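The structure appears right after this line, and notes come after that.
The values are calculated or read from the model by the stated rules, or taken from the named source; none is laboratory data. Note that the structure is predicted; figures quoted are calculated from it, not measured. In this analysis, Cβ positions are derived from the backbone assuming ideal geometry, glycine residues included, and neighbour counts consider all displayed protein chains.
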Amino acid sequence: MNIVLLGAPGAGKGTQAQKLIEDYRLTHISTGDLLRQAIKAGTPLGLQAQSYMDSGNLVPDELVVGLLKERLAQSDAQHGFVLDGFPRNTAQAEILDASLAEMGYTLDAALLVDVDHEVIIKRLSNRRACKTCGYTATAEVISCPRCSGEMYQRSDDTPESITQRLAVYTEQTSPLIEYYRTQGKLKSVDGDRPVDEVYAEIKVLLGL
Ligand code: AMP
């Protein structure tokens, strides 16, 4: 099964993706994680991406698309994937459609995790991530429950960046809801509920 996750930053896409990949052995492809890895490794692409990310803007398509295509071409994607954070605008969605067709993949569903922006602001301000494995939790969690790594606040989880990311989501990413509805692929879940409740509904929606 190949899925795209849609939803504002902080809607819980990463959390739900994690559950899906663990239960169904799918490959999690997060362009945000790929970019953060590039920054950590100090690659030229990472250096170029950092300022866009810190200010809450999208990294230019030409930088992200290459990363995404490279990741999709790896063999583990053949067993099914969950795309988290890509596409972020209509141009990326069109590139994705073309790339998947070229590679012989079909997209089964675009799953929207829907959460009000007020809730998102509270969630992101209180979010912490593991430096080692990327696991996310609230500020009360001091060490990663999965790998004991150190938890930190992402440099783009600041009030200014959060506001900008939500504006970017509204302007550039939310039109994708209509894009996938037109393709008959859109499924939507209310993400403002406990994680396991959201996940249970996702499984029903995806027929899992
Ligand atoms: P995320 O981890 O998905 O919240 O992404 C963090 C940041 O990485 C975003 O605010 C963007 O700056 C950048 N980013 C991630 N995915 C994309 C993408 N598909 N296109 C452009 N920028 C992206």
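State all residues of segment 110-134 that are more than 30 Å from Gly184 (Cα to Cα) and in contact with a helix residue (DSSP H, G or I) (Cβ under 8 Å, 6 or more places away or on another chain); if no residue qualifies, say none.
Within segment 110-134, Ile121, Leu124, Ser125, Gly134 qualify.
Could you grab me the full set of residues in segment 140-163 that are within 16 Å of the ligand (Cβ to nearest atom) and in contact with an Asp or Glu (Cβ under 9 Å, 6 or more places away or on another chain)?
Ser155, Asp156, Thr158, Ser161, Ile162
To keep it simple, each residue is scored yes or no on (1) within 15 Å of Tyr180 (Cα to Cα); (2) in contact with a strand residue (DSSP E or B) (Cβ under 7 Å, 6 or more places away or on another chain); (3) not hydrophobic (A, V, I, L, M, F, W, C).
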| residue | (1), (2), (3) |
| --- | --- |
| Lys40 | no, no, yes |
| Ser51 | no, no, yes |
| Leu58 | no, no, no |
| Lys69 | no, no, yes |
| Gln78 | no, no, yes |
| Leu83 | yes, yes, no |
| Met103 | no, no, no |
| Leu111 | yes, yes, no |
| Val119 | no, no, no |
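Hey, any hits in segment 183-196 for a residue that's part of a helix (DSSP H, G or I), surrounded by 13 or more Cβ atoms within 10 Å (Cβ to Cβ) and at pLDDT 95 or above?
Checked segment 183-196: at least one residue is part of a helix (DSSP H, G or I), surrounded by 13 or more Cβ atoms within 10 Å (Cβ to Cβ) and at pLDDT 95 or above.
For segment 108-158, list the strands (runs of 3 or more DSSP E) that sit wholly inside it and hold at least 3 residues that are in contact (Cβ under 8 Å) with a residue 24 or more places away in the chain and surrounded by 18 or more Cβ atoms within 10 Å (Cβ to Cβ); which are they?
In segment 108-158, the matching strands (runs of 3 or more DSSP E) lie at 109-114, 127-130.
Name the single residue, out of those in segment 94-107 being touching a residue at least 40 places away in the same chain (Cβ under 8 Å) and surrounded by fewer than 20 Cβ atoms within 10 Å (Cβ to Cβ), that is nearest to Tyr169 (Cα to Cα).
Selected residue: Leu107.
Name the residues in segment 65-87 that are over 21 Å from Leu20 (Cα atoms) and in contact with a Leu (Cβ under 7 Å, 6 or more places away or on another chain), would you?
Matches in segment 65-87: Leu67 only.
What's the number of the only condition in (1) out of contact with any helix residue (DSSP H, G or I) (no Cβ under 7 Å at 6 or more places or on another chain); (2) in a helix (DSSP H, G or I); (3) more than 23 Å from Met53 (Cβ to Cβ) that Gln172 fails to meet?
If we test Gln172 against (1) out of contact with any helix residue (DSSP H, G or I) (no Cβ under 7 Å at 6 or more places or on another chain); (2) in a helix (DSSP H, G or I); (3) more than 23 Å from Met53 (Cβ to Cβ), just (3) comes out false.
Out of Leu63, Leu72, report the one residue that is surrounded by 14 or more Cβ atoms within 10 Å (Cβ to Cβ) and within 11 Å of the ligand (Cβ to nearest atom).
On inspection, the qualifying residue turns out to be Leu63.
Do we have any residue at all in segment 36-48 that's buried (at least 18 other Cβ atoms within 10 Å of the Cβ) and within 8 Å of the ligand (Cβ to nearest atom)?
yes
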